[in-house]
Structures are given as structure tokens and as C-alpha cells.
Amino acid sequence: MDMGTHGMGSFGGKENDNDTIYNRPVIFIHGVTLRAGVFLGHKEYFMKQGYKNSELYATTYADGGYTPMYYCSMKCEHVKIVREFIEAVYKYSNSKVDIIAYSMGAAITRKAILGGKCVDNDIDLGPPITNKIETYIAVGGVCYGLENCKNAGIDDYFPACSKTNGMTCSSKYMQDINMPNERYEAKTSYAIYSKDDHLVGQNCCGHTCSELKNANISFAKIHYNHGTILTNTKSLQYSLVRYHTSDKEARFI
């Protein structure tokens, strides 16, 4: 489904042939039922910090909300779209990239980077593309799963909680992306999540659902819901991709 620029299905790219890319490009990956336009606030914020349109990128990998959340599984076709998008921006900009991935987009992006066979159809994505990514940030990410998927009967009915490619913490998909014992998402990785995020939840197979395995630093917040953890931590996200550091933030390593 082509949502185009006006449907906010995508953004990014050079204005003309003389448009030079100075900052390392940032790729934004949306969550379930969303589309690229959810990051327009981020685009505006980053541009105020000196970034240009040619240094900020987003695309839409699913149908942008036409399918209800619990009917959305993590399909190989969506993983392929994200992987190809990352590689396209890398080639287009001739630069490593930074990635900010939100909600289910965190899980989609991790598999896109990890590569290997998709759990739902055995298509081989190829080797990891870790070397093309400088910084990876999971914001309110489905990193170990979605807590609500553990409710009895849900994983047998809703595709989002499929035991194959769903967000239940014991699914083949979640086990696959959490199997490596070394960081593969980027040279440097971070997690930003809220202890008051009741959509993703807190307990996924003994892990905090949004905690990123092998992350350099995790930022555990309070008083943010699943939406505001994305929209109200833009300054932290910016500092991490730009400087790999943050001041006056609570850290849990």
C-alpha cells in the first residue's frame, strides 16, 4: 500500500544534487498500526538541532493502521522492507546510519539487522548488517515481548501473539532476536522505556519487556505512558545518536 508523502507514509532525501549530507543519517522506524508520520515531531526537533531533510528518514512497512493491533504479527515481508530501507539509506548517503525504533518497530528492526531465516517462511534475509549502523535506540520497544500476550487464550487467537512470529515472549520470533549474546543492532545500542508503560508491559518471560539485551545503557523512566515515552524523550534520543551520551538522566546498566 503506497501511502506517499502526503499520507505521511515516508520522508527523507536530498533537495537537489547540491545537497550535501553532513550529519550521520537517522532512520526512524514506527510501531504497530502507525506509519512514518508519527515521527514528524522528531523530524522537526532534529532539524532545529541542525539536521536536514536529507539526513532524516522514515518509511511505512505495514498498512498504517488499517489492520487492528492484535491482528498484526511480525511478518517477514515487513522485516524485508525495513532491512532494504536501511541498506538503501546507507548506500544513498554513503554513510553509516543511526536508528530510532519504536514499539513493535524495535522487534521488526532487530530482525532486519540480524538477518538469517525468517521464522514464518524460512526466507533467508542474509548476514547481519551491523556494520552499517552506528547507533540503535529502542524506545518503548517490544524487546522481550508484549506482556498482554501471556493472557490465556490470546496467543491461540490473535496473530499479534502468535507462537511463531508474534509478540508473546516465548514465540520463535522473540527467541530468535534475543538469542545472540553479543550486541548486533549497532556499534552502540540503548533502550529508553517507562515503568509505567502498560501497553507493552513490564514482565516478559522474566525480563522487563522493553529492556534491550546487550544494550550499552538502558534508561528506565517513570510517569510516561507508551505514547509519551516516544514524544517526550526526544532530547535524550537526540543526545544519544549525536553524542553517545546524556546528562542528568537516570541510568540502569
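Residues of the range 45-59 being closer than 18 Å to ALA88 by Cα and either part of a helix (DSSP H, G or I) or of a type in the set (Ser, Thr, Tyr) (or both), which ones? Passing the criteria: ASN53, SER54, GLU55, TYR57, THR59. Candidates in the range 28-82 are the residues that are out of contact with any helix residue (DSSP H, G or I) (no Cβ under 7 Å at 6 or more places or on another chain) and of a type in the set (A, V, I, L, M, F, W, C); of these, the one that is nearest to LEU199 (Cα to Cα) is LEU34. No other residue among ILE108, ILE129, ILE99 is surrounded by fewer than 21 Cβ atoms within 10 Å (Cβ to Cβ) and aliphatic (A, V, I, L, M) apart from ILE129. Given the criteria among the hydrophobic types (A, V, I, L, M, F, W, C) and without any contact (Cβ under 8 Å) to a residue 24 or more places away in the chain, does MET69 qualify? No.
Checked against (1) at pLDDT below 95; (2) farther than 28 Å from TYR224 by Cβ, PRO128 passes all but condition (1). Screening the range 158-253 for helices (runs of 4 or more DSSP H) wholly inside it with 2 or more residues that are among the polar types (S, T, N, Q) and out of contact with any Asp or Glu (no Cβ under 6 Å at 6 or more places or on another chain) returns the ranges 228-231, 234-243. The number of residues in the range 38-65 being more than 25 Å from LEU125 (Cα to Cα) and either at pLDDT below 95 or polar (S, T, N, Q) (or both) comes to 4. Among the residues examined, VAL32 qualifies as within 22 Å of LEU212 (Cβ to Cβ) and in a loop (DSSP other than H, G, I, E, B). Among the residues in the range 150-166, are any in contact with a strand residue (DSSP E or B) (Cβ under 8 Å, 6 or more places away or on another chain) and surrounded by fewer than 15 Cβ atoms within 10 Å (Cβ to Cβ)? No, every residue in the range 150-166 fails to be in contact with a strand residue (DSSP E or B) (Cβ under 8 Å, 6 or more places away or on another chain) and surrounded by fewer than 15 Cβ atoms within 10 Å (Cβ to Cβ). Selection over the range 74-115 of residues that are in contact (Cβ under 8 Å) with a residue 60 or more places away in the chain and within 22 Å of GLU211 (Cβ to Cβ) gives a count of 17.
Here is a check on your reading of the model: is ALA62 surrounded by 22 or more Cβ atoms within 10 Å (Cβ to Cβ), of a type in the set (Gly, Ala, Ser) and in a loop (DSSP other than H, G, I, E, B)? It is true that ALA62 is surrounded by 22 or more Cβ atoms within 10 Å (Cβ to Cβ), of a type in the set (Gly, Ala, Ser) and in a loop (DSSP other than H, G, I, E, B).
The values are calculated or read from the model by the stated rules, or taken from the named source; none is laboratory data. All figures in this text were calculated on a predicted structure; none of them were measured in a lab. Ideal geometry is used to build each Cβ from the backbone, glycine not excepted, and the neighbour counts take in all protein chains shown.
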